[in-house]
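The values are calculated or read from the model by the stated rules, or taken from the named source; none is laboratory data. Not measured: the values here are computed from a predicted model. Here the Cβ positions follow ideal geometry from the backbone for every residue, glycine too, while neighbour counts run over all protein chains shown.
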Amino acid sequence: MAPKSRKFKDRARCRFCREKVERIDYKDVHLLQKLTTGQGKLFSRKRSGNCARHQRMAKLALKRARFMALMPYVGGQG
Amino acid sequence: MTLYECMFLVEAGRASRHWEETEKELTGILEKHGAEIRRQTFYGERKLAYPVKKHRRGAYLLTYFEADPAVIEELRRDLTLSEAALRYLILKVEDGVVPEERSLGTWEPTARPQPAAAPETAPEPEAKAAPEPEAAPEEAEAAGGGEAEAAAEAGPGEADAKEEE
């Protein structure tokens, strides 16, 4: 069988690994919004495709953002 | 000396009317503990994700400073007691480099509120002075909230647990 194409390999990895992100900033509200549901809950790893390491970083960033009232603890804009 | 970043959340009304005093107070507290300020960026007012002490809008000041790790605990206590900031979050900058000033999505670094507005609001400091004693009891809550902040820097693991509450 032919080796897996580069594209497939890239898609198989987590979005942060692909871009070699070393840390996720809690101030990056735009990014965090992409990682959360409309209710403000963090997407599961299954859903977001994040690796364990980056999911932990996302979790911490989200919790810091929540503390600073940048992201909701519960509910969206409501 | 370790490099820290500290984000302050200042209520919107205070930020627009008494910005200079507010910034002076916060900076003063940092400097009192021997912190050397590297860079300060004002991120303008935005709607808060949830009301904090009944305030729906707030302005953010991001400060990078170097300080002795031993003074951070006392620094936290002073910041908690101060009414200048509703909340603050002190984090260690792991790579020890002050990052470039950058916009955060739609959230841009902004010019500070103009002190030019001060003359017209000049009579207001007296008006503001009156409600301040009432505001004092809130300090108790502030101290409670402070625990989460204190945890934030301790370590990723423990910080999680406490911030979540």
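A few remarks follow.
- Scanning the range B:25-47 for residues that are free of Cβ contacts under 8 Å to residues at least 24 places away in the same chain and either part of a strand (DSSP E or B) or touching a helix residue (DSSP H, G or I) at 6+ places or on another chain (Cβ under 7 Å) (or both) gives a single hit, B:K47.
- Residue satisfying all of: in the range B:1-15; assigned to a strand (DSSP E or B) and among the charged types (D, E, K, R); nearest to the other protein chains (Cβ to nearest Cβ) among these: B:E5
- Scanning the range B:50-85 for residues that are among the basic types (K, R) and over 26 Å from A:V74 (Cα atoms) returns B:R76, B:R77.
- The set of residues in the range B:38-50 that are within 9 Å of chain A (Cβ to nearest Cβ) and under 15 Å from the mean Cα position of the chain (by Cα) comprises B:Y43, B:R46, B:L48.
- Members of the range B:51-71 that are crowded, with 19+ Cβ neighbours inside 10 Å and either more than 14 Å from every other protein chain (Cβ to nearest Cβ) or in contact with a His (Cβ under 9 Å, 6 or more places away or on another chain) (or both): B:F65, B:A67
- Residue in the range A:65-76 that is of a type outside the set (A, V, I, L, M, F, W, C), surrounded by 11 or more Cβ atoms within 10 Å (Cβ to Cβ) and at pLDDT below 90 present: yes
- Among the criteria (1) over 10 Å from the mean Cα position of the chain (by Cα); (2) assigned to a helix (DSSP H, G or I), the one B:E66 does not fulfil is (2).
- Considering the range B:72-100, the residues that are of a type in the set (D, E, K, R) and in a loop (DSSP other than H, G, I, E, B) include one that is farthest from the other protein chains (Cβ to nearest Cβ), namely B:E83.
- So B:L81, is it at pLDDT 90 or above and buried (at least 17 other Cβ atoms within 10 Å of the Cβ): no
- Filtering the range A:43-64 to residues that are more than 21 Å from B:R87 (Cβ to Cβ), aliphatic (A, V, I, L, M) and crowded, with 16+ Cβ neighbours inside 10 Å leaves A:M57, A:A58.
- Those residues of the range A:14-72 which are part of a loop (DSSP other than H, G, I, E, B) and within 9 Å of chain B (Cβ to nearest Cβ), in sequence order: A:E22, A:R23, A:D25, A:Y26, A:K27, A:D28, A:G40, A:M68, A:A69, A:L70, A:M71, A:P72
- Selection from the range A:37-73 of residues that are more than 8 Å from the chain's Cα centre (by Cα) and among the polar types (S, T, N, Q): A:T37, A:Q39, A:S44
- Any chance B:G44 is over 24 Å from A:L60 (Cβ atoms), in contact with a His (Cβ under 9 Å, 6 or more places away or on another chain), at pLDDT below 90 and of a type outside the set (K, R): no
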